[in-house]
């Protein structure tokens, strides 16, 4: 399921975009904003709740920010957050000369020139799905400088040892120095819980939770829960089990 933010200050176009995407992909969450400041608020809220958007559709000629190119300014704001480093951005623009700038400066997925049709929008979304841009992928460079593209769903847990992270997945272990545990925690979604100063766990793989001895068991491995993390682990795991 995708979580989409559409930012467009023309209300007619904004409503058309929302209805077009909701009709084609009824399972997707679609939120919208018609101003720079409203969009900025939604971005900040998504970061604080650890529920980032998975796709941004931004009008380039958005009033707000420091210029009349508020869409670019908003993209720059989003890219400052680790969880938005690689989230695809689709720019909507009426100015053809800004296309190359958008592609290079903000590493956006693509742009759509105005005026556009429903089919133009749906074609770009279909291409994103076919090429994997909308499938959440984590890129990790290991200590041998080999690049791994993995789905967060395949991660059992992450352990910090000295200056190296050990990422245990369904396909094996990856050792990386690319991120700190704090940085990786900010990128991963709410399925991942910081349970110890040295561990992040994927709650989908928790086999058992011993609240007395303070450990969880994942893929046959016992992982300690730090005292300062007990309350958060309780909330996440017990909520998951419906207790």
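The figures follow:
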read-out	value
Extreme residue, modelled with the highest pLDDT, among residues of the range 174-199 that are closer than 18 Å to residue 52 by Cβ and assigned to a loop (DSSP other than H, G, I, E, B)	179
Selected residue (criterion: farthest from residue 51 (Cα to Cα)) from residues of the range 138-158 that are without any contact (Cβ under 8 Å) to a residue 24 or more places away in the chain and surrounded by 13 or more Cβ atoms within 10 Å (Cβ to Cβ)	154
Test: residue in the range 93-115 that is buried (at least 19 other Cβ atoms within 10 Å of the Cβ) and modelled with pLDDT of 85 or more	no
Filter pass, residue 72 being in contact with a helix residue (DSSP H, G or I) (Cβ under 6 Å, 6 or more places away or on another chain), in the same structural domain as residue 120 (by the TED database) and modelled with pLDDT under 90	no
Residue in the range 8-46 that is farthest from residue 62 (Cα to Cα), counting only those that are surrounded by fewer than 12 Cβ atoms within 10 Å (Cβ to Cβ) and without any contact (Cβ under 8 Å) to a residue 24 or more places away in the chain	26
Pick from the range 154-173, criterion in contact with a strand residue (DSSP E or B) (Cβ under 8 Å, 6 or more places away or on another chain) and part of a loop (DSSP other than H, G, I, E, B), ranking: farthest from residue 192 (Cα to Cα)	171
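The values are calculated or read from the model by the stated rules, or taken from the named source; none is laboratory data. Every value quoted in this text rests on a predicted model; they were computed, and no experiment measured them. Glycine also receives a Cβ, built like all others from the backbone with ideal geometry; neighbour counts cover every protein chain displayed.
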